[in-house]
Amino acid sequence: MRLPLLLLAIFSSANAASHSTASPRLTVTAPRRPLASLQKEELPTKIPAALGLETLIQQRGGASTATTTTMTQESAGLPSAVKLLIGAGGIYAAFLYYGSLQEDVFRYTAKDGTQFSQAWLLQVIESLANVLIGFVGMQLAGATAGIPKKAFAISGASQVSAKACMSLALANGLSFPLATLAKSGKMAPVMFGSLILGGASYSLREYLQVAAIIGGTAIVSMGKKKGGSSSALGVAYIIASLVLDGVTAGFQKKLKADTAKAGVKPKPYDFMFWTNFYMCLTAIVISLGLNEVASGLSFCTANPEIFSKIIKFALCSAVGQSFIFYTIANFDPLVLSTVTTTRKIFSVLLSIFLKGHSLSLTGWSGIALACGGIVSELVASSGGKGKVH
């Protein structure tokens, strides 16, 4: 438990130190982020959703006995309600603020009218923060030997590409509420890929859940009162992000199979470190190829306000993932899923109320339909109550 609490203290201090330069709107972002991606968001992911949330949930089989025992022993004296408050509160705090900062980064306009558009440089900074925290956690929990790195490399590359496309969608005019709702429909490409390639079958309820999320998102897009329709390029990027989510899910399954075949059980911080290590390498190569490093750093130097937002954005990602691991170690996957899933809904509502988005009655009906699909997916996954280990 020490690492999540230490990270929260460090993050709070950093946020307080930069309070004088933060926009008034950011200071009101008090709610705490429920369960994503990978992240996601979420986790990371969505989890996830950094380390995708799908990876974290799939690997719960993934939280090794050693890590679970270590983290549980450290907090053994705490009541389960306090553990839940620490885990869920940390996730809410980090990832709700994470979403707010991500929106602010791509809505920021410099005095000369230019905006930050270097999505791959943003991924370099975010994944680097997660690499550092993952390394510290790995040293505390003990690293796992013999991990097959190739599977991590492929999974990390596809995952960072999905995250970059989400940022590029925001940079190209797609609103944050709409992008977040659309990303909640990531089950659609996963289902499609499984149907075509894996011969899977799904129930009518599962098809209706996906249809509700996608349909609600489309209605929200048409129900804006102001600001016009979303850009075609922004929509194209969010679709690409969803497709890459489906690809990532396939690679994550292969990652799990490869580690099992190698006879190793990576611990949570192993996953955090190695996934983000290859995400960072991928982002560095692409950002250098697109010349985003020089232009992005130049923009940040000329606009220090946005640079502080980017640093806090990266810290939120790393702190949030640490609390995700804490929650995994102490509770059943349903608890984590509940937190990250409801986070998506709160992130959308907070953005609407705090960032000046305006919706018509049609838009609100779309919000309700999409949120209904998200909640339905959560309820359907509930095989029983989450319990403390």
Residues satisfying the stated conditions in the range 127-179, i.e. part of a helix (DSSP H, G or I), farther than 30 Å from G263 by Cα and more than 14 Å from the chain's Cα centre (by Cα): L168, A169, L170, A171, P177, L178
Which condition number in (1) more than 18 Å from Q209 (Cβ to Cβ); (2) modelled with pLDDT of 80 or more; (3) among the small types (G, A, S) is the one that S365 fails? (1)
Among residues belonging to the range 80-126 that are charged (D, E, K, R) and assigned to a helix (DSSP H, G or I), point out the one that is surrounded by the fewest Cβ atoms within 10 Å (Cβ to Cβ). R107
Which of the following residues is touching a Leu at 6+ places or on another chain (Cβ under 6 Å) and either modelled with pLDDT under 75 or within 29 Å of L297 (Cβ to Cβ) (or both): A157, A162? A162
So which residues in the range 187-230 are at pLDDT 70 or above and not in a helix (DSSP H, G or I), if there are any at all? S201, Y202, S203
Residue selected from the range 255-300 under the condition among the hydroxyl-bearing types (S, T, Y) and within 14 Å of Q118 (Cα to Cα), by the criterion surrounded by the most Cβ atoms within 10 Å (Cβ to Cβ): S287
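The values are calculated or read from the model by the stated rules, or taken from the named source; none is laboratory data. Just so it is clear, the structure is predicted and the values come from calculations on it, not from any experiment. Glycine also receives a Cβ, built like all others from the backbone with ideal geometry; neighbour counts cover every protein chain displayed.
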